[in-house]
Amino acid sequence: MGEQAGADDPRTRSDDELVAALLAGDERRFAEIVDAWSPAMLRLARLHVSSGSAAEDVLQETWMAVLGGLHRFEGRARLRTWVFQILLNVARTQGVKDRRTVPFSALTADLDAGPTVDSARFQGPQEPFPGGWRQFPAPWTSPEDAALSGEAERVIREAIMQLPERQRVVIALRDVDGCKPQEVCEILGLSPGNQRVLLHRACAFVRQQVEGYFSRRHAARTERT
């Protein structure tokens, strides 16, 4: 079950209420927003910069920029979307300095770059779960392999960090932070079709890395027995 939003949760407030409170200097409301949004923002910043401390700096600079620019917020996007857009701009600038990324304007080929997955591995429109996998790659972790979960998470994190920037951000927003497709499109300025392609490419690459990891583990275990 998802987390229930309390009376003071920013998700229960309209953008007009939040903006009015922040412009009025409501420190309590600002603290609620910072607490609610910062974890996802920090994870997103970390995808662009070279260290956790640099991501913290990006986060702090973003919130300063939000407070300084709030009077210019026109409501063309949701407040949360606007804040995340500021974060990405700050993170990309710092990422270029860290030589972790290239300017976003230079990323024109990553939409179609990278691996994809054979369509035959997915169920068709007349099958019980259209678009779902026909069969999980073997071998997947079993209950006795629970101790390997931390290692598998590391493999996933490392695979995500190898992705081109837009793929990396899309999979992080969609599959890690649970953002809706429309919000991801608004944050990144993508069409729904491009967002789906980027997510598919990213998931395909990550899955490929995870499959390889478990295959190697299985082969090593087979050799020992």
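The values are calculated or read from the model by the stated rules, or taken from the named source; none is laboratory data. All values reported here derive from a predicted model rather than from experimental measurement. Neighbour counts are summed over all protein chains in view; Cβ atoms, including those assigned to glycine, are modelled from backbone coordinates with ideal geometry. Each accessible area value is taken on the protein alone, full model and side chains, heavy atoms only, with ligands, DNA and RNA left out. Shrake-Rupley method; radii C 1.70, N 1.55, O 1.52, S 1.80 Å.
Output the residues belonging to segment 208-225 that are surrounded by 12 or more Cβ atoms within 10 Å (Cβ to Cβ) and either touching a Gly at 6+ places or on another chain (Cβ under 7 Å) or not polar (S, T, N, Q) (or both).
Residues satisfying the conditions are 210, 211, 212, 213, 214, 217, 218.
For segment 152-200, which positions are basic (Lys, Arg) and either at pLDDT 90 or above or in contact with a Lys or Arg (Cβ under 8 Å, 6 or more places away or on another chain) (or both)?
166, 168, 174, 180, 196
Could you please find all residues in segment 177-207 being open to solvent by 40 Å² or more (accessible area, probe 1.4 Å), part of a helix (DSSP H, G or I) and either farther than 26 Å from residue 76 by Cα or hydroxyl-bearing (Ser, Thr, Tyr) (or both)?
200, 201, 203, 207
Does residue 50 satisfy being open to solvent by 60 Å² or more (accessible area, probe 1.4 Å), hydroxyl-bearing (Ser, Thr, Tyr) and within 18 Å of the chain's Cα centre (by Cα)?
Against the criterion (open to solvent by 60 Å² or more (accessible area, probe 1.4 Å), hydroxyl-bearing (Ser, Thr, Tyr) and within 18 Å of the chain's Cα centre (by Cα)), residue 50 qualifies.
Can you name every residue in segment 180-210 that is without any contact (Cβ under 8 Å) to a residue 24 or more places away in the chain and closer than 18 Å to residue 165 by Cα?
181, 184, 185, 189, 191, 192, 193, 196
Those residues that are part of a helix (DSSP H, G or I) and either open to solvent by 90 Å² or more (accessible area, probe 1.4 Å) or in contact (Cβ under 8 Å) with a residue 60 or more places away in the chain (or both), I need them from segment 61-88; list them, please.
61, 64, 71, 72, 79, 80, 81, 84, 85, 88
Working only within segment 211-225, note down all residues that are part of a helix (DSSP H, G or I) and without any contact (Cβ under 8 Å) to a residue 60 or more places away in the chain.
Matches in segment 211-225: 212, 216, 219, 220, 221, 222, 223, 224.
Looking at segment 154-161, can you tell me whether even one residue there is buried (at least 19 other Cβ atoms within 10 Å of the Cβ) and in contact (Cβ under 8 Å) with a residue 12 or more places away in the chain?
For segment 154-161, residues buried (at least 19 other Cβ atoms within 10 Å of the Cβ) and in contact (Cβ under 8 Å) with a residue 12 or more places away in the chain: present.
Taking segment 34-60, which residues are touching a residue at least 60 places away in the same chain (Cβ under 8 Å) and in a helix (DSSP H, G or I)?
If the condition is that a residue be touching a residue at least 60 places away in the same chain (Cβ under 8 Å) and in a helix (DSSP H, G or I), then 40, 43, 44 are the ones that fit.
Inside segment 11-33, can you point out the residues that are of a type outside the set (Lys, Arg), assigned to a helix (DSSP H, G or I) and surrounded by fewer than 15 Cβ atoms within 10 Å (Cβ to Cβ)?
12, 16, 17, 20, 23, 27, 31 - these are the residues of segment 11-33 that are of a type outside the set (Lys, Arg), assigned to a helix (DSSP H, G or I) and surrounded by fewer than 15 Cβ atoms within 10 Å (Cβ to Cβ).
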